[in-house]
Structures are given as structure tokens and as C-alpha cells.
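What follows is a short report on a single structure.
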């Protein structure tokens, strides 16, 4: 059987891996937005926001792996932000274009953040249970 510490370590590794995956997707979106801005002469706001999202995701992935204080709370907040922008973006595309989103945005903007939220919540509840067990044992 796995001990509580080994389980928490595995969950933090999984959360870190998923955050790195999300950061890589945000970095690819940065390159795409920057290329679109150069070709079509649009502003670089999309590229800037994607770059900030990628950088913050990479920083949080590293902090979650090291179990830094507050990293799980910020990772949760970032995921809610990702999901909110995804819902708004997909809602606007349905309202304006009249068609549903492709599977890739649904996966990267809704399902990936939702899975990260589940893992981070499990980490937070596991950490709270570990502290409570330690207090009871003492």
C-alpha cells in the first residue's frame, strides 16, 4: 500500500506534469498569436496574454512539485481563469459563427483545466487530512 506521503508526492508530480502540458500549449498559442499579429498587422495583445499565461503556468508547475505554500491555491485560481476564458471564447464563437467549437479547444480550454483542478483539490484535501492525522496522533 502507498503511504500518505508517497500518494501526495505522486499527485504533486501529476499536477506538475499537467501544468507543464498546459504551459506548453500556452507557449504554442503565444507563437501562433505572435505570427498572426505579424501577418495580419493586428495588435500583439493576444501574444502577450498567452506568454504571461505560459510563464505563470510554468512557475506554478515548479512550485507545485516542490509543494510551496500557496502554490496550490494559485494553481486553482489559474485553472478557473483558463476555464472562464475558454467558456467565453467558445460562447462567442457559437454566438457569432453559429457553429460549435472544434474538439481541440474543448480539450485544452475546458477538460485539461478541469483535470488539473481535480488533482489540485485532491492534493489540498490530502494535505489537510495529513495535518489532521498528525495532530490527532500527537
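The values are calculated or read from the model by the stated rules, or taken from the named source; none is laboratory data. Every value quoted in this text rests on a predicted model; they were computed, and no experiment measured them. FYI the Cβ positions are ideal-geometry reconstructions off the backbone, even for glycines, and counts take in every protein chain you see.
Here are some notes:
- Positions within segment 87-118 being in a helix (DSSP H, G or I) and more than 22 Å from residue 28 (Cβ to Cβ), in sequence order: 91, 94, 95, 96, 97, 118
- Restricting the first member to segment 97-108 and to residues that are touching a residue at least 12 places away in the same chain (Cβ under 8 Å) and on the phi < 0 side of the Ramachandran plot, and the second to residues that are in a loop (DSSP other than H, G, I, E, B) and surrounded by 10 or more Cβ atoms within 10 Å (Cβ to Cβ), the beta-carbon pairs closer than 9 Å and six or more apart or on different chains are 106/100.
- Some residue of segment 3-18 being modelled with pLDDT under 75, at positive phi and not in a helix (DSSP H, G or I): no
- Boolean, residue 84 is out of contact with any strand residue (DSSP E or B) (no Cβ under 8 Å at 6 or more places or on another chain), part of a helix (DSSP H, G or I), modelled with pLDDT of 80 or more and surrounded by fewer than 18 Cβ atoms within 10 Å (Cβ to Cβ): yes
- Complete set of residues in segment 36-69 that are part of a loop (DSSP other than H, G, I, E, B) and modelled with pLDDT of 70 or more: 66
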